Every structure is written in structure tokens, then in C-alpha cells.
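Reading through the C-alpha cells given below for one structure.
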Amino acid sequence: MTMGSEQSRFLAMLAFSAGIFCIQLDAFALNLALLAIAQDFAIPIERLKWVVSGYLLSVGIFMLAAGRLSDGFGHGRLLRLGLVLFGGASLLCAVAPSLLWLVAARVLQGLGAACLMPAGLALLGQLYPSEQRGRAIGLALGLGAIATVIGPLLGGVLTQWLGWRFIFWVNLPVVLIALACCWRIAEPRAYGERAAINGPGLLLVSLGLAALGLLLDELGSPARAMPRAGLTLGLLVLCASLFVWGEKRAATPLIYTSLLRNAPYWLLTLAGAVVNTATVVHLFVVPLSLQGVWGLSPLQAGVAFLAPAALLACGGPIAGRIPATEAVWAMAICLGVSAMLLASAALAHGWLLYLLLVTLCGASLGIANALTLIATQAVVAEQVAGLASGLTKTITTLAAGFGVILAGRSSGPLLDVQSVFGSLAACCLLTCFALLLGQRYWADKQTVDKLTGR
């Protein structure tokens, strides 16, 4: 493959970093503005969950096809498309006159993010030689992760002094800079065949996951809502049945059957789904509780949340130092620690103790989250490693979206923090035991086929 020039490599890294910066900024700054959004639109706090979950579900759904589309459409082209979609959606979010408009724009943002992430990674892989590729990707992700640290403070400052809409206005100049870089990249003309996307399968997945989200939202609803819940359940079952039937006959299935037979991979992926759900719900609940329960202003909550966000961002570098052979044990330990911290935070009576506990929990969840990809890559064959990492990321993202839907359900004006954190603690603890038992079981076997997990 022909490698890109030094200028093209630098511009590609800058463009991808800028895109990741916007994605991370929205993730960490927007949560500080959720209470202000609820007050601005005069809506109950439980409806805010769709602002977060709509985005996550969109990312998870379209990430199934984005990687394959990038190979045929061109990595640079798809990166530009993702930036345009994300920037345009940010503009729509900034001028949203209603919650429905805002949620729809967030779904479009998710589509842009789903295009941006795999295309940017693949473009760097295409332009950089193999010996420089890892360092380039790490540097790009590190530059983008700056938003993880400054996001809470920036979100609090913008929300309190200028209004929540400026969180989205900030994205526009960054996206424009990234697009200017993209247009000057001399990308090698090495596109593959036009990507064959299983369109009907993707549509069924979209409808089925939307039905699942609505069904989770109906849990605990009054009896008069049961007919609606029944119809939603019927749609979910129909979509799932048609999807399984179609996947067996599709020339380009969304999920390859070899991965379905790999039990260690699925155990680790489901454990990663629990970890990512706990992480995202942590990001959703803590800023809301600091303002709604403990009475902090958006700026005060942003300053207070700097420590949890910073330790969460440190999880990746720390996890990278853990050998792949020890990743499962380390992941289980982090889940056990997170369970204890979440249970303690649910019972905390002062906001300083609460903040200390959720800060430590952010560190343990950050390490466990980063270990998910490390652990799953260690149990799959090299020829399906890319497909496996994409599927893992899709499942963990979708799980987080559903977790926010469940966490956002509230019968009162405030979220039930004790119930949410108590449930997360139980899930983390059960997953910890499952990982320990699974590791013990497969460790007793002499050899495990990485293609099938047998």
C-alpha cells in the first residue's frame, strides 16, 4: 500500500483528533446541561434520557455497517461525511425549539459519530506505515481525549454563563477545522469493492432496537399502557425473528457465525456491556445528582466532576500496561471494586463523601472499560479480530443506551440515585463472579480454539 505524505498524515491525525474531541466533549459536557435543558423545555427529568440514549442507540446501530462501508466508499470520504453529519446535527441541536427536535438531532449526531470513528482509524492505518501506526492512533485518541478532562468544566461554564445551547455551538468551528484538514489529505486511491451492506438486516436491527428501547421505557407503566407495550413486544419479536432468518441467507451478514460460537468472546463482550453501561449511567447520573440532589450549580457541578472524568480518562493508559493474559482477572477485580463503590455511593449522606466514592468508581470503571477490547482481542482469531472489535463496540454502546433508558425512569422530579446505583452494583458484582468462573473454566482446558472458543 502506498503511504501518505507527512503533510497528509498530520492533517489526517488532526482531523480525526478534532472529530473525537467533539464526540468526547458532547459526552462529558452535555450531562452538566441536562437539568438546564429540562427547565428550558419545561419537561420532567425522566424524559431527558432520550437525549443521551437516542444518540447512543444511533451510534451502536450504524456502527454495524460503517466499518464495511468505509472499506468500499473510502476512508477519507466517510470521515468527511461523518464530520458534516456531526457538525450539521450540532447546529440543529443548538437551535432546537423542542425536546423532540433535540432528540432527532442527537440521533443524526450519532450517525455522524458512527461514520467518523471507524473511518478515521482506518484512514490513519492507511496513511501511516505499520511501525508508526500504533503511536499515531494513540496520539490522535489522546488529543481527542482532552475533551474528556475539560468537558465537565466547560459544560458547567457554558451552561451557567451562556446557556446549554453553546455546548453544541462549540462543535461547529472544530468541525470546520477538521473538514478543512480533510480536503487537503492526499488519500491513496486504494478503495476496495463497493461495500455490500445488508440493508434489510440493518433496517430490522434498527426497528427491533427502537422497539426494545420503547419496551424498556414502558416497564412499570400503568395498566392502560399495556396494549402499547404488547404491540411493541410483538414488533420486537417479529424483527428479531426476521433478522435471524435473513442472516442465515444473507451474502454479507451483519454478524458472522464464527463469532457466535466463541463462548469466551461472548462472555467478555457481555461483561464489557455491563461495564460500559455502568460507565455511561455513571456519567449520566452523577452530574444530575450533584445539581438536583445536592443543590450544586452547573459550574460547581462541573468543577466537582473534573476528578471523576480525569480518572475515567486515565483508565486507558493504565489498562494498556496490564498484560493481555491478566486482562480478565483485572477486569473482574475492577468490576468487584466498582460494585462496592457504587453500593456505598448509593448510601452516602454527604456530597463530599458521595463525590469521593463516584470519583474512585470512575477510575475502576475506566480501567475495566479499556480492558474489554484487550480481553476480547486475546480470545479471537486474527482473521476476525476487526469484526470482533466492531461487534464488541456495537454491543457495549447499545447496552449503554438501554441502561440510560432504565436509569432515567423516575416517578418523581429527581432520579432515584439509590435505586440506580444499587442496581448497577448488583450487575457489576454478578458479572465479576461470572468472569472469575469463566476464566477458571477455560483456564483448565489445555487449548481453546480462538475461532470457535471450544
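Any read-out appearing in this document is the output of simple, stated calculations on the displayed coordinates, not a laboratory observation. Just so you know, these numbers come straight off a predicted model, no measurement behind them. Virtual Cβ from ideal backbone geometry, glycine too; neighbours counted across all protein chains shown.
Details
- Ranked by how many other Cβ atoms sit within 10 Å of their own Cβ, fewest first, the residues GLU6, GLU326, GLU46 fall in the order GLU6, GLU326, GLU46.
- Ranked list, fewest to most other Cβ atoms within 10 Å of each Cβ, for HIS282, HIS349: HIS349, HIS282
- Its Kirkwood hydrodynamic radius, worked out from the mean inverse distance over all distinct Cα pairs, puts the stretch 1-189 at 16.7 Å.
- Sorted by Cβ neighbour density within 10 Å, fewest at the top, the residues TRP164, TRP266: TRP266, TRP164
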